[in-house]
Amino acid sequence: MHAWTVKMSTPSVLAVLMVFLMAPGGVLSDTRGTRGLEAQQLAPSSTLLHRRLKRSWIWKQLFVPEEDPTPRVIGQLKSNYDHGEFSIKYVLSGEGAGDVFEIDEYSGEIRALKKLDREEKAFYTLQAQAINRKTNEPEEPQSEFIIQVQDINDNVPQFQNEPYVSSIPEMCPVGTTVAQVTATDADDPMFGSNAKLIYSILTGEPYFSVEPKTGIIVTSWANMDREAKEEYLVVVQVKDMLGLSGGYSSSTTVTVSLTDVNDNGPIFQHHLYNFAVPENAPVGTTVGRIMAVDGDVGVHAKMTYSLEDDLEKSSIVIINTDPVTQEGVVLLAKPLDYESKSRYIMNAEVVNDHVDTRFLALDEFRDRTTLKIIIEDVDEPPVFLSPSYEWEVPENVAVGTVLGSVGARDTDIVNNLIRYSIDKRSDPTKAFKIDPNNGTIAVAKALDRETADWHNVTVEAKETTQNHLSSSVVVFIKVLDINDNVPRLARDYQPYICEGTQAGEVIQLLSSVDSDDPIEGHHFYFSMVPDKHINPNFTIRDNQDNTAGIVARRSTFTIKDQTQYLLPVVVADSGFPTLSSTSTLTITVCRCQPAGHCPTGGVEALALSMGISIHTLLGILVCLVTLTDAR
């Protein structure tokens with residue numbers, strides 16, 4: 001068997017190891033010699049401590065400390081065929097050979113040439129050979145070994161995933177998890193405590209604490225109040241080497257925000273609010289605004305204003321909540337009158353829309369205040385005792401008759417004198433007059449219902465002061481009907497009777513009109529003029545429905561006998577006193593067509609009565625029309 005000796009230099013001990021050739025798989029298979037395997041380990045005094053025979057050998061690693069800039073021997077390789085005559089040449093190959101590491105070809109000493117960084121490369125794999133200088137043949141097969149770069153604490157721990165921002169609800173219990181910070185260290189976690197980290201709080205106590213090994217930040221103070229402090233900057237430090245002196249450290253800042261919970265109720269800024277509003281302010285006028293302060297934000301600060309329950313329907317004001325400013329807007333709900341009441345005192349309250357009884361009692365989510373509203377006096381125009389007046393007067397009333405009086409008063413305390421007048425535009429005919437001092441209205445001209453049955457007169461009341469404030473009212477005057485118009489036939493009737501008409505036949509239907517308008521409606525009576533002799537030709541039949549018919553008394557009407565008949569007709573009304581009129585109708589005899597129509601409309605009868613033919617009569621009429629047009 002063939003064997004190597006490896007010496008390793010460390011800061012405290014120099015070890016010499018017999019390094020034996022290994023077959024693939026790690027077990028020696030060379031049987032050229034029977035000298036056995038030898039391993040040697042030397043104490044600091046180079047005294048031989050132990051020797052034993054082995055059938056195989058596994059290479060141990062060589063170590064070199066990182067960041068050491070001084071070239072130094074880190075170990076030695078030596079073949080058991082090397083007897084000190086320098087007949088063996090040592091050759092080094094593999095990672096870093098010649099650049100990072102070199103070997104003394106005579107002694108086998110391995111030397112580190114430069115400063116190494118474990119974080120860049122943690123180990124190097126090298127191969128070594130022993131060459132016979134005379135034959136230039138390998139004395140030993142090529143063997144592989146590893147040089148490990150030994151870690152030192154040369155890296156600062158670094159926080160990951162910065163920046164750290166977190167939020168927790170205010171008033172949360174102690175132990176609530178806030179966030180977890182995480183740091184890493186590039187040093188070797190398997191070597192000593194170089195990469196063993198521990199966390200602590202630099203800034204943020206006593207409100208927060210951190211779990212030393214995990215970096216989990218939790219609350220350590222009960223009832224943290226957002227309204228007192230909304231944001232905390234927690235500085236966390238991480239140290240390597242478990243926090244021992246000589247290690248490295250770094251810090252990070254965790255921004256912790258407290259989110260709002262409803263732990264505050266609204267509070268009015270004043271116990272008493274004073275407002276003034278003029279008495280003539282219209283309904284809907286903003287009287288003023290009230291404001292309650294709530295330390296919370298967002299939905300937890302929303303609130304609703306109102307009056308006390310017993311005032312909601314009877315009060316002169318209402319309160320609406322402004323959704324933008326969260327103010328209570330006091331609005332006028334009813335008309336004001338300084339002379340009736342000049343001051344109002346009422347209570348208003350505000351309530352949170354969303355309550356949370358985990359933090360406050362239910363009653364603490366509301367507050368009350370007092371409103372004092374002063375009504376300011378305004379010089380107002382006169383006020384009529386009635387919003388309108390309506391009178392009735394018969395149309396035959398005498399001029400100068402008093403119809404009634406209107407009244408207005410000055411509602412102000414000074415109670416100024418008032419003068420009355422009629423707006424000329426409302427009484428263009430000057431049918432009425434008014435007493436300027438007392439408002440009495442009388443008839444100035446005769447009235448006629450058939451000309452105007454309604455008069456809408458505007459009366460103005462004006463103060464005698466310098467301001468001359470005025471107001472007006474409408475007086476509706478209805479003219480009542482009296483029976484002062486006679487009834488008359490509805491139109492100019494031109495009745496005719498056909499030859500051959502039988503006795504008892506109706507030849508004309510009559511109706512009547514009357515300009516009067518009796519309350520019970522019209523009822524007309526038709527009759528003939530009283531005569532001591534009965535009319536042998538015609539009679540009037542009253543139909544009792546405001547119509548009447550002319551009835552033939554005989555059947556022997558012919559044009560040859562007589563072409564026209566005169567018939568006086570009397571029409572009477574049912575008014576008081578009863579009025580009547582008499583109209584004389586001319587009844588013409590006509591040769592009618594079979595259907596009873598008179599084609600000549602009585603012209604033929606007219607011509608016969610004049611002793612001329614119908615053709616001659618028509619010619620005369622045409623000439624008259626022509627002469628008229630020529631003019």
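The values are calculated or read from the model by the stated rules, or taken from the named source; none is laboratory data. Every value quoted in this text rests on a predicted model; they were computed, and no experiment measured them. So basically every Cβ, Gly included, is an ideal-geometry build from the backbone, and we count neighbours across all protein chains shown. Heavy atoms of the whole protein, side chains included, go into the accessibility calculation; ligands, DNA and RNA do not. Shrake-Rupley method; radii C 1.70, N 1.55, O 1.52, S 1.80 Å.
Every test in (1) more than 26 Å from residue 186 (Cα to Cα); (2) in a strand (DSSP E or B); (3) open to solvent by less than 60 Å² (accessible area, probe 1.4 Å) is passed by residue 107 save one, and that test is (2).
Exactly one residue out of 149, 91, 156 is open to solvent by 20 Å² or more (accessible area, probe 1.4 Å), among the aliphatic types (A, V, I, L, M) and touching a residue at least 60 places away in the same chain (Cβ under 8 Å): that is 156.
Could you identify the single residue in 152, 110 that is at pLDDT below 90 and over 60 Å from the mean Cα position of the chain (by Cα)? Give the steps one after another, and end with the answer.
Values: 110 fails: at pLDDT below 90.
It is 152.
For segment 448-499, taking the residues that are part of a strand (DSSP E or B), of a type in the set (Ser, Thr, Tyr) and open to solvent by 60 Å² or more (accessible area, probe 1.4 Å), the one that is nearest to residue 410 (Cα to Cα) is identified as 472.
Just give me the residues in segment 124-145 being hydrophobic (A, V, I, L, M, F, W, C) and surrounded by fewer than 16 Cβ atoms within 10 Å (Cβ to Cβ), in sequence order.
Step one: of segment 124-145, the residues hydrophobic (A, V, I, L, M, F, W, C) are 126, 128, 130-131, 145.
Selection gives nothing.
For (1) in contact with a strand residue (DSSP E or B) (Cβ under 9 Å, 6 or more places away or on another chain); (2) modelled with pLDDT of 95 or more; (3) outside any helix (DSSP H, G or I), each residue gets a yes or a no:
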residue	(1), (2), (3)
558	yes, no, yes
595	no, no, yes
604	yes, no, no
612	no, no, yes
624	no, no, no
627	no, no, no
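Selection over segment 560-578 of residues that are within 20 Å of residue 484 (Cα to Cα), open to solvent by less than 40 Å² (accessible area, probe 1.4 Å) and outside any strand (DSSP E or B) gives a count of 2.
Being under 30 Å from residue 190 (Cβ atoms) and among the aliphatic types (A, V, I, L, M): is that true of residue 307 here? Here the answer is no, as residue 307 does not meet what is asked. Annotation: residue 288 fulfils all but one of (1) under 15 Å from residue 372 (Cα atoms); (2) assigned to a strand (DSSP E or B); (3) of a type outside the set (D, E, K, R); (4) out of contact with any strand residue (DSSP E or B) (no Cβ under 6 Å at 6 or more places or on another chain); the unmet one is (4). Each residue in segment 186-236 was checked for being surrounded by 16 or more Cβ atoms within 10 Å (Cβ to Cβ), closer than 27 Å to residue 150 by Cα and among the basic types (Lys, Arg), and 1 pass.
Which residue is surrounded by the fewest Cβ atoms within 10 Å (Cβ to Cβ), if the candidates are limited to segment 376-431 and must be in contact with a Pro (Cβ under 6 Å, 6 or more places away or on another chain) and part of a loop (DSSP other than H, G, I, E, B)? Applying the filter and picking the extreme gives 378.
If the condition is being within 16 Å of residue 573 (Cα to Cα) and surrounded by 14 or more Cβ atoms within 10 Å (Cβ to Cβ), then segment 542-557 contributes 542, 546, 547, 548.
Close contacts from segment 273-300, counting a first residue that is over 12 Å from residue 328 (Cα atoms) and a second that is open to solvent by less than 70 Å² (accessible area, probe 1.4 Å) and among the hydroxyl-bearing types (Ser, Thr, Tyr), with Cβ to Cβ under 6 Å and a gap of 6+ residues or different chains, come to 279/338. Scanning segment 340-352 for any residue that is in contact (Cβ under 8 Å) with a residue 12 or more places away in the chain, exposed (fewer than 14 other Cβ atoms within 10 Å of the Cβ) and part of a loop (DSSP other than H, G, I, E, B) turns up at least one such residue. Residues in segment 71-84 that are modelled with pLDDT under 85 and open to solvent by 40 Å² or more (accessible area, probe 1.4 Å): 78, 81, 83, 84. Of all the numbered requirements in (1) surrounded by fewer than 20 Cβ atoms within 10 Å (Cβ to Cβ); (2) farther than 13 Å from residue 254 by Cα; (3) over 40 Å from the mean Cα position of the chain (by Cα), residue 183 misses one, and that requirement is (1).
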